[in-house]
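To keep things clear, I will list the structure first and then write my remarks on it.
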Amino acid sequence: MDFIVDDLNERLRLAPGDSGTILWKDFYADYGIQRFKAPRPDQIKEQARAKFGLIVSFGDNVVNVAYDRNFNPI
């Protein structure tokens, strides 16, 4: 799990802006995942928040990654 969380943080750090998305097909390919089921999603979310202050969410089409701060008030 560490390498996934570390890489998500690095990708977001290098990206323009404070949030980003990754297509599911790219997420699976980039991290060599065959099956993505519980408890893995919760472990990634918890570790990303604790280690880097990231919010990670898993949608139907993309994985969303954002900093846990008020970067774009609505």
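Worth a mention:
- Theoretical gain in end-to-end length, D7 to D26 [0.36 nm per residue, Cα-Cα removed]: 5.5 nm
- Structure-derived Kirkwood radius over Cα pairs in Å: which label, when the choices are [x] 13.5; [y] 12.6; [z] 14.0: [y]
- Taking a straight Cα-Cα cut-off under 23 Å and skipping sequence neighbours fewer than 8 places away in the same chain, the lysines within cross-link reach of K25 are K37, K45.
FYI, it's all coordinate maths here, none of it is from the lab. Just so you know, these numbers come straight off a predicted model, no measurement behind them.
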